[in-house]
Amino acid sequence: MAILQLIFNGIVTGTIFSLYAISFSIIYGTTKIFHFAHGMVFTCGAYFTYVFHVLVGMNIVPSILLSMVFTSTLGMAINFIIYEPLQRRKAGPLVLLVASLGTYISLQAIISLIFTSNVRVLSGGVGSAVRVMSVSITEIQLIIIGTIIGINSFLVLFFLKTEAGLSIRALGEDSELAEVFGMSPRKIKYIIFAIGSGLASVAATLNALDIGTIDPNIGLEALLVCFVAIVVGGMENIPGAAAGGFIVGMISHLSIWQVEARWQQVIVYSVLIAVLLFKPEGLFKSGKERI
Amino acid sequence: MDYLLYMVTIMGIWVMLAISMNLVLGYAGLFSLCQAAFFGVGAYTSAIMYLNFGTNLFVSAILGAFISALIGVIIAIPSLRLKGDYFFIATLALQIIVFNLFLNWEPLTKGPLGIYGVLRPNIFGTRLNTNISYFVFTLFFVVLCYSLSSRVCNASFGMTLKAIREDEIAAEAVGKHILKFKVLIFVFSAIWASLAGTLYVYFIGAVDPFAFELHESIFILSIAIVGGMGNLRGSVLGAIVLIAIPELLKFAAMPESIAHQLRNLIYGVCLILFMMFRPQGLIGEYRID
């Protein structure tokens, strides 16, 4: 009955990956910036939690909340230092992408210089595990699923019901029109970077707690998941990206059923190439009327 | 002196890689992040063919180039049909897949240990054992790469590419088959990257997967960007500058791991500063957009 265990692990990873994808897609879908540096936002999010939880010795929940604040600030700082000055100079998307890559490399070098490239342990403590029909379920996995379902429902309400959420969507649809209606695109962009980066911090931390360790490369893996998710789920479509992320998580665990774990990445990216070949618009039609 | 010859040979190989990036990004305006994958395909094909079948350098080079070109076509056609960032994502996916194949396909690639024992080639009966002879050999290919690329870029093919880069719809309106041009330049660049890989493995004598990671693609991108887009001399200059500067770090005695990260920090900051203040690079003709 190993398959049941794989399915359950796939669900856990899938929910984490869907949050990865949402955090990237919120920024990409509304600002149209291909935010490669988001990879390091993931990494820094996990390292902030590591600093507060392991080095300072705080409890895990306040550590995560503080990490969210710091990571949101980091995201806004990247917008302030890198993207805004470039956009003021009317830089095109390629220039923004190259600068974003440069930011990614620089931040990764800085993290590696401070913490070295070695693996660090970040675990939520050894929780009790229950067995349901021969599937072993740990406490932390249940917390992960619960937290992310909570966050996702909150996001849906936020984007559908609140004024701030509607403004953000309006900016994504048509920034000039949004400006005509008296919104400040500049301010909204900062809100978007704060939300996307805060979510990235939670997602990266939860994944670290599930796996037990962090290193400076975890952000790249998360970022690549985002790319596959937005291709599979349809570009600029946040629920599509979330579903795409979930599918990637499921596939990467289910593939272990048939092939060795080291081929996971090859399988996931082959799925991406296959989607590009046969269904380039993504598996779900881009539902513009829904967020 | 021998060390200097070693360094200029390395520079020559990276000039070829930078030119291959420049062809795609500088002339066609396409953002590829898989030049290191093609570089690796060339290197691994040559190493595997040499050790298993004893084939000579030219046969391996052609085979590697053929495989790279084939992969290039498979990636380029579907992703270039689509607008926006699909091509970038597809090249990134290819980069990850190829690296993982090098790392995990152990019967063929020996996994993380890599392949050792590739001897210097025999050219017209002389073995290129000295660094000076191998440098001359490499220089021949660099000049070949440079002159062929500049011919292609200045011929009507290159002009059409520039036209597509500046205004795709106008180019299509005058009857240019845009997809065909883009795929061709991508394949052309893949072939040069692969040849650079062949030269590299015969020079070093060994390959391991970590030489062809994503970071290597980003490094090649940095060389092309710093040197300048749409100008092949820029790629030569970029390779000299970006390989020489980190070498100087070696004289400041510091542990290899710190030096490595400092190097990455330099490349990263270079990319940001050039985008801010000089997006056309040191001597580039084209400002990427």
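The values are calculated or read from the model by the stated rules, or taken from the named source; none is laboratory data. Please read these numbers as outputs of a predicted model, since none were measured by experiment. Here the Cβ positions follow ideal geometry from the backbone for every residue, glycine too, while neighbour counts run over all protein chains shown.
Evaluation of A:P280 against the conditions (1) out of contact with any Gly (no Cβ under 9 Å at 6 or more places or on another chain); (2) in a helix (DSSP H, G or I); (3) within 10 Å of chain B (Cβ to nearest Cβ); (4) not acidic (D, E) shows that the sole unmet condition is (2). Out of A:E139, A:E176, one residue alone is farther than 30 Å from B:F31 by Cα, surrounded by fewer than 15 Cβ atoms within 10 Å (Cβ to Cβ), more than 14 Å from chain B (Cβ to nearest Cβ) and of a type in the set (D, E). It is A:E139.
Counting only helices (runs of 4 or more DSSP H) wholly contained in the range B:51-124, the ones carrying 1 or more residues that are within 20 Å of the chain's Cα centre (by Cα), at the interface with chain A (Cβ under 8 Å from one of its Cβ atoms) and aromatic (F, W, Y) occupy B:86-104.
Restricting the search to the range B:155-165, which residues are part of a helix (DSSP H, G or I) and without any contact (Cβ under 8 Å) to a residue 12 or more places away in the chain? Hits for the range B:155-165 are B:S156, B:M159.
Of A:R262, A:R186, all but one fail to be farther than 25 Å from A:I60 by Cα, assigned to a helix (DSSP H, G or I), among the charged types (D, E, K, R) and away from chain B (no Cβ under 14 Å); the exception is A:R186.
If you go through the range A:166-195 and keep only what is within 19 Å of the chain's Cα centre (by Cα) and modelled with pLDDT under 80, you end up with A:I168, A:R169, A:G172. Look at (1) at positive phi; (2) under 21 Å from the mean Cα position of the chain (by Cα) and you find that A:K90 fails only one, number (2).
For the range B:175-198, the set of residues classified as in contact with a helix residue (DSSP H, G or I) (Cβ under 8 Å, 6 or more places away or on another chain) and either part of a loop (DSSP other than H, G, I, E, B) or free of Cβ contacts under 8 Å to residues at least 12 places away in the same chain (or both) consists of B:K176 only.
Return yes or no: is A:F8 farther than 30 Å from A:V135 by Cβ, touching a residue at least 40 places away in the same chain (Cβ under 8 Å) and not aliphatic (A, V, I, L, M)? No; evaluated as a whole, the condition is false for this residue. The single residue among A:A229, A:A241 that is at pLDDT 90 or above and either crowded, with 23+ Cβ neighbours inside 10 Å or not in a helix (DSSP H, G or I) (or both) turns out to be A:A229. The set of residues in the range A:45-95 being closer than 14 Å to A:I33 by Cβ and among the polar types (S, T, N, Q) consists of A:N79, A:Q87.
In this entry, A:T162 passes the filter for residues that are surrounded by fewer than 14 Cβ atoms within 10 Å (Cβ to Cβ) and over 19 Å from the mean Cα position of the chain (by Cα). Here's a check for you: in the range A:57-92, which residue that is within 14 Å of chain B (Cβ to nearest Cβ), of a type outside the set (F, W, Y) and buried (at least 16 other Cβ atoms within 10 Å of the Cβ) is nearest to B:I272 (Cα to Cα)? Here the residue is A:I82. Among the residues of the range B:29-46, those that are of a type outside the set (S, T, N, Q) and either assigned to a helix (DSSP H, G or I) or closer than 14 Å to B:I19 by Cβ (or both) comprise B:A36, B:A37, B:F38, B:F39, B:G40, B:V41, B:G42, B:A43, B:Y44.
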